[in-house]
1. Round to the nearest 0.05 the FRET efficiency obtained for TRP79 and ARG34 when R0 = 25 Å and r is the Cβ-Cβ distance.
2. Can you check what the net charge comes to around GLY100, using other residues whose Cβ is under 14 Å from the Cβ of GLY100 (Lys, Arg +1; Asp, Glu -1)?
3. Just the number, please: percent antiparallel of the DSSP beta bridges in the chain, rounded to the nearest 5.
4. Taking GluC sites (Glu not before Pro) that fall in a DSSP loop and have at most 11 other Cβ atoms within 10 Å as cut points, what is the longest piece of the chain between them?
5. For the chain, what mean projected area does the convex hull of the alpha carbons give, in nm²?
6. About the Cα centre of the chain, what is the dipole size in debye to 20, counting +1 per Lys and Arg Cβ and -1 per Asp and Glu Cβ, all else neutral?
7. For GLY54, what is the net charge nearby, where nearby means another residue's Cβ is under 14 Å from its Cβ and Lys, Arg count +1, Asp, Glu -1?
8. If packing is taken as the mean number of other Cβ atoms within 10 Å per residue, what is the order of 56-62, 90-96, highest first?
Amino acid sequence: MASDPTSPTTDETVPGTVRAWHALVADPDPAALRGMLADDVTFRSPAVHTPQEGPDRTFAYLWAALAVLGPELVYQREWYTGDSAVLEFTSSIDGLDVHGVDLITWDEAGSIVDFTVMARPLRGLQALIAAMGAELQKSQP
């Protein structure tokens, strides 16, 4: 089922986890993001071969993605089935277009247990990888 991308946070047909994600994108809050993640959450990046396990690693990647993509991030279309969603997005980094999807799965409590990002085209993905690397370096002790 696709939602109306103009009002994703108020549409009652949108699953609660997706509404919470849209609210977070609109108004980034680290405590809200941490509160959305299950203890056994996994993040899969288009830039990193191995899955990133646990809430701390997932938080770091998602918080960096919000910083990098957030200013230009627009969700175009969405599909939902039971405990999962596909959110198609567009953004730009340094003038390069990024087009991708977020694949989100949640548990019975609505906590995110799996978050996968896929992005294209290659030049946009390369810009995303570089920007994410720089953003992740900022958060290293």
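Just so you know, all these numbers are worked out from the coordinates, no wet-lab data involved. What you are looking at is a predicted structure, and each value in this text was computed from that prediction instead of being measured. Positions of Cβ are generated from backbone atoms using ideal geometry, with glycine treated the same way; all protein chains shown enter the neighbour counts.
1. 0.40
2. On the way: positive: ARG44, ARG77, ARG120, ARG123; negative: GLU72, GLU78, GLU88, ASP97, ASP102.
Here the count lands on -1.
3. Approximately 85 percent, going by the DSSP bridge assignments.
4. 13-107
5. 8.1
6. Here the size comes out at about 500 debye.
7. Numbers: positive: ARG34, ARG44, ARG57; negative: ASP39, ASP40, GLU53, ASP56, ASP114.
Every neighbour counted, the sum reads -2.
8. 56-62, 90-96
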